[in-house]
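J.: Just dropping this structure here.
The values are calculated or read from the model by the stated rules, or taken from the named source; none is laboratory data. Keep in mind that this is a model prediction, so the values were computed, not measured. Positions of Cβ are generated from backbone atoms using ideal geometry, with glycine treated the same way; all protein chains shown enter the neighbour counts.
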Amino acid sequence: MKKKTISQQLKKSMPLYLLLLPSFLLLICFSYLPMSGLLMAFQDYRPALGLTGSKWVGLANFRQFFHSYQFKLTIRNTLVISLYGILVGFPLPILLALICNQMRAQRFKKVFQVITYLPHFISTMVMCGMILIFLSPSVGIISHMLGKLGIEMPNVLASASAFPSVYVWTDVWQNLGWDSIIYLAALSGIDPTYYEAATMDGASRLQKMFYIDLPLLLPTAMILLILRAGNILSIGFEKVFLLQNTMNMMGSEIISTYVYKLGLVNQQYSLSTAVGLFNTVVNVLVLLLVNQISKKLTDSSLI
Amino acid sequence: MDGKIKRKIRSSRSDRIFDIIIYALAIILILIVVYPLWFVFIASFSNPSDIAGGQVFFWPREWILDGYQELFKQSSIWTGYRNTLIYTALGTAFGLFINVTAGFALSRKELYGRKFLSVLYLIPMFISGGLIPTFLVVKQFGLVDNFWVMVVPFALSSYNIIVARTFFNNSLPEGLWEAAQIDGCGTIRYFLQFALPLSKAVLAVIGLWTAVGIWNSWFNALIYLNDETLQPLQLIMRRILILNASLLGTAGKAAVEMKNKSDMMRYGSIVISTLPVMCLYPFLQKYFNQGVMVGSIKE
């Protein structure tokens, strides 16, 4: 009897399986098949021998990474850029949404939104091109402007210590508006009777912003913070890679650029994969951890 | 009574000051966002020596088209532009097909094994094979230096599948499916004739996001396409924008001419590659914004 129901269910699902088939093939071929390749992190992988023929070496690749000089460097750089990015890039969109929400001229508000969202659509390639053009110490527009004020422009593009600032603040320029969308949506969902009650009590608009808007944004903010924290060890490879040069290397070599160099430049397949796997594992662990903490503290959780 | 009126006046005055601060901040922000874009635009029409000499801030000293002429002489730019257009068109169509069919199937409660399959589709969001294992698989499929590598292997997007699934779940009334079933309508016909036409909004959202993503992407091309005739515009631009820039430090008198030429091309290439997206965006803003919303709904 039970067997029949399963076969009936299967039969009923047949058309759905058909719809699922194309994406399922892609999923297996280009997501799960590469995942099986993660095994090479535990091997001394030789392309000629393949996954089945290569020698197993246990955790040797991981040990090599942990003992290498790049281990501290890449972890530190990745963390610095990531935490700096959260510190600056997390509160600012909330502030922007609060400001935008206070605009009463609807026309102006619309124009303001369109303009501040615009840089989000610039490609990383163009963005980095613009950064190199604008920050050039000799011919860049910023150096000319500072020159008018009698200030000499430091070469921030060749400085390891300035790299995180360049990365983070250009990111803010590009994504500040866009990141505020979700908060604006949350603000538009606030029950207007809150404001009416506050007006009756004589609250100013600034007070309403602080005592109504801000607390009601917190759950949304918490979820977004969890998501960001889960990506703490994976900052955008593309932008770092494009802005990297030999002079700022000490501040710009992050885990993903190191994985790229090990793998595709030096052809150290196993070591590169081990470093990448380490990165993934840490990411998942941090995500779970932050999610747990947030669950305890605020009742907002992702999983 | 008196005190009440006074307080009202006072608060409205503080509200006015508040208004002034808000709008002042907004205008400053608009300037910060717009100025760099405007500068690139005018610089692309300016004499490069004016730019290098710091003579251009808000308006070109003279409008010239040398940069664009130089740019259009480069056949690689044209090939890149054509490739990007083709990759974007095909990639968007294929991406929509893959992710919307998957999203629909996973949204149906009668799908046997739905929970397991949903998790299977979700995992790649958090764990991936990483650079080298993926590269080796793509190579095994013969997709290195192959046109289709830009269209097929990375079309699956867990995020877009979730967006589509959430939409189908929340927006299609269950009664519609029951009514269609009574009239003898099969699942696939229901999908094509009822679900899709009712989901134009979510199709637009996913389609536009996919299109912009492909238009702006270059990393996969860097890894998988060595053949220059296959490379998309963004990768061609890398040579103009990034690799040239690193030569800037080595200025010699002889290098100035060369540098001026490449400078002109840099501004021009930014304009021609970014303008299509920038011009279309304000009209399609509604759909782009919806994407952020739909994706954020938890099931």
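J.: Here is a list: A:Gly230, A:Gly236. Which entry is surrounded by 17 or more Cβ atoms within 10 Å (Cβ to Cβ) and either touching a Leu at 6+ places or on another chain (Cβ under 7 Å) or farther than 25 Å from A:Lys109 by Cβ (or both)?
T.: A:Gly230
J.: Are there helices (runs of 4 or more DSSP H) fully within the range A:80-191 with at least 2 residues that are at pLDDT 90 or above? List them.
T.: A:91-101, A:106-117, A:124-135, A:163-188
J.: Hey, which of the helices (runs of 4 or more DSSP H) in the range B:125-211, taking only ones fully inside, have at least 1 residues that are under 23 Å from the mean Cα position of the chain (by Cα), under 30 Å from A:Met40 (Cβ atoms) and in the same structural domain as B:Lys109 (by TED's automatic domain parsing)?
T.: Correct list: B:131-140, B:158-171.
J.: Any residue in the range B:62-90 that's crowded, with 16+ Cβ neighbours inside 10 Å: show its pairings with residues that are of a type in the set (A, V, I, L, M) and not in a helix (DSSP H, G or I) at Cβ separation under 7 Å, as long as the two are six or more apart or on different chains.
T.: B:Tyr87/B:Val151; B:Leu90/B:Val151
J.: If you take the residues of the range A:264-274 that are over 18 Å from A:Phe66 (Cβ atoms) and either touching a strand residue (DSSP E or B) at 6+ places or on another chain (Cβ under 7 Å) or at the interface with chain B (Cβ under 10 Å from one of its Cβ atoms) (or both), which of them is surrounded by the most Cβ atoms within 10 Å (Cβ to Cβ)?
T.: Among those residues, the one meeting the criterion is A:Tyr269.
J.: Further question: Hey, could you check the range B:94-126 for residues that are among the hydroxyl-bearing types (Ser, Thr, Tyr) and at the interface with chain A (Cβ under 7 Å from one of its Cβ atoms) and say which is nearest to B:Ala201 (Cα to Cα)?
T.: Per the stated criteria, the residue is B:Thr101.
J.: Run A:Tyr194 past the list (1) assigned to a helix (DSSP H, G or I); (2) closer than 27 Å to B:Lys259 by Cβ; (3) away from chain B (no Cβ under 13 Å) and report the number of the one that doesn't hold.
T.: (2)
J.: Among the residues that make up the range A:125-139, is at least one of them over 29 Å from B:Ile214 (Cβ atoms), among the aliphatic types (A, V, I, L, M) and at the interface with chain B (Cβ under 8 Å from one of its Cβ atoms)?
T.: So far as the range A:125-139 goes, yes, one or more of its residues are over 29 Å from B:Ile214 (Cβ atoms), among the aliphatic types (A, V, I, L, M) and at the interface with chain B (Cβ under 8 Å from one of its Cβ atoms).
J.: Something else: For the range A:162-191, name all the residues that are facing chain B (nearest Cβ under 9 Å), touching a residue at least 40 places away in the same chain (Cβ under 8 Å) and either of a type in the set (Gly, Ala, Ser) or within 19 Å of A:Leu83 (Cα to Cα) (or both).
T.: A:Trp173, A:Leu176, A:Gly177
J.: Okay, moving on. Of the numbered conditions (1) within 13 Å of chain B (Cβ to nearest Cβ); (2) in contact (Cβ under 8 Å) with a residue 12 or more places away in the chain; (3) over 27 Å from A:Ile99 (Cα atoms); (4) under 24 Å from the mean Cα position of the chain (by Cα), A:Leu224 satisfies every one except a single condition; which is it?
T.: For A:Leu224, the failing item is (3).
J.: Shifting gears a bit: Could you please find all residues in the range B:114-143 being exposed (fewer than 14 other Cβ atoms within 10 Å of the Cβ) and of a type in the set (Gly, Ala, Ser)?
T.: B:Gly142
J.: Name the one entry in A:Tyr17, A:Tyr45 that is surrounded by fewer than 19 Cβ atoms within 10 Å (Cβ to Cβ), within 10 Å of chain B (Cβ to nearest Cβ), over 27 Å from the mean Cα position of the chain (by Cα) and among the hydroxyl-bearing types (Ser, Thr, Tyr).
T.: A:Tyr17
J.: Please work out which residue is surrounded by the fewest Cβ atoms within 10 Å (Cβ to Cβ), limiting yourself to the range A:1-14 and to residues that are more than 8 Å from every other protein chain (Cβ to nearest Cβ) and in a helix (DSSP H, G or I).
T.: Step by step, filter the range A:1-14, then rank; the result is A:Lys2.
J.: Filtering the range A:56-82 down to residues that are over 14 Å from A:Gly276 (Cα atoms), within 24 Å of the chain's Cα centre (by Cα) and not β-branched (Val, Ile, Thr), which residue is surrounded by the most Cβ atoms within 10 Å (Cβ to Cβ)?
T.: The residue in question is A:Asn77.
J.: Being among the small types (Gly, Ala, Ser) and crowded, with 16+ Cβ neighbours inside 10 Å is the filter here; which residues of the range B:51-61 pass it?
T.: Of everything in the range B:51-61, just one residue is among the small types (Gly, Ala, Ser) and crowded, with 16+ Cβ neighbours inside 10 Å, namely B:Ala52.
J.: Which numbered condition trips up B:Leu136, out of (1) facing chain A (nearest Cβ under 7 Å); (2) closer than 21 Å to B:Thr210 by Cα?
T.: Going through the list (1) facing chain A (nearest Cβ under 7 Å); (2) closer than 21 Å to B:Thr210 by Cα, B:Leu136 breaks only (2).
J.: Which residues, taken from the range A:211-262, are part of a loop (DSSP other than H, G, I, E, B) and either of a type in the set (Val, Ile, Thr) or touching a His at 6+ places or on another chain (Cβ under 7 Å) (or both)?
T.: Once the filter is applied, which keeps residues that are part of a loop (DSSP other than H, G, I, E, B) and either of a type in the set (Val, Ile, Thr) or touching a His at 6+ places or on another chain (Cβ under 7 Å) (or both), the range A:211-262 yields A:Ile232, A:Ile235, A:Thr246, A:Ile254.
J.: Among the residues in the range B:192-211, are any small (Gly, Ala, Ser), within 14 Å of chain A (Cβ to nearest Cβ) and surrounded by fewer than 14 Cβ atoms within 10 Å (Cβ to Cβ)?
T.: no
J.: Could I ask something else about it? For the range A:53-70, enumerate the residues that are within 12 Å of A:Leu271 (Cα to Cα) and in a helix (DSSP H, G or I).
T.: A:Ala60, A:Asn61, A:Phe62, A:Arg63, A:Gln64, A:Phe65, A:Phe66 - these are the residues of the range A:53-70 that are within 12 Å of A:Leu271 (Cα to Cα) and in a helix (DSSP H, G or I).
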